[in-house]
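Below is one structure, written out as structure tokens; the observations come after it.
Nothing in this text is a laboratory measurement; each read-out follows from the coordinates by a stated rule. These figures come from a predicted structure and were not determined experimentally.
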Amino acid sequence: MIEHGVPTMQYLHYSTAGHPWWGVLGGGLILAFIALHFLLFVCALFSVLAAPQSAGMKLVWVVVVFCAPFIGSLAWLFIGRPNARRNAY
């Protein structure tokens, strides 16, 4: 049932009643995505701190990784790492 444009709990209950595994699978996929995102963030952060760069560049990359965790981590791993630039050519 929808009241004032917002679905009530009764409506939500019946909408998933035919799919008993949807809640389990959907929740598992979300948890897996969050875990992979966290792992990517932690790996990028440790990689930045262990990189042979100046303290200023490390600080810049740490700020980038913290401000944009997903995009910043990918940018570091594919662009910022010293080995990434050498392996790209």
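Key figures for this structure:
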read-out	value
Full-stretch length increase - Gln53, Ala68 - with 0.36 nm per residue and alpha-carbon distance subtracted	3.3 nm
Phi-based couplings in Hz for the range 59-69 (Karplus 6.51, -1.76, 1.60; Gly and Pro marked x)	4, 4, 5, 5, 5, 4, 5, 6, 6, 10, x
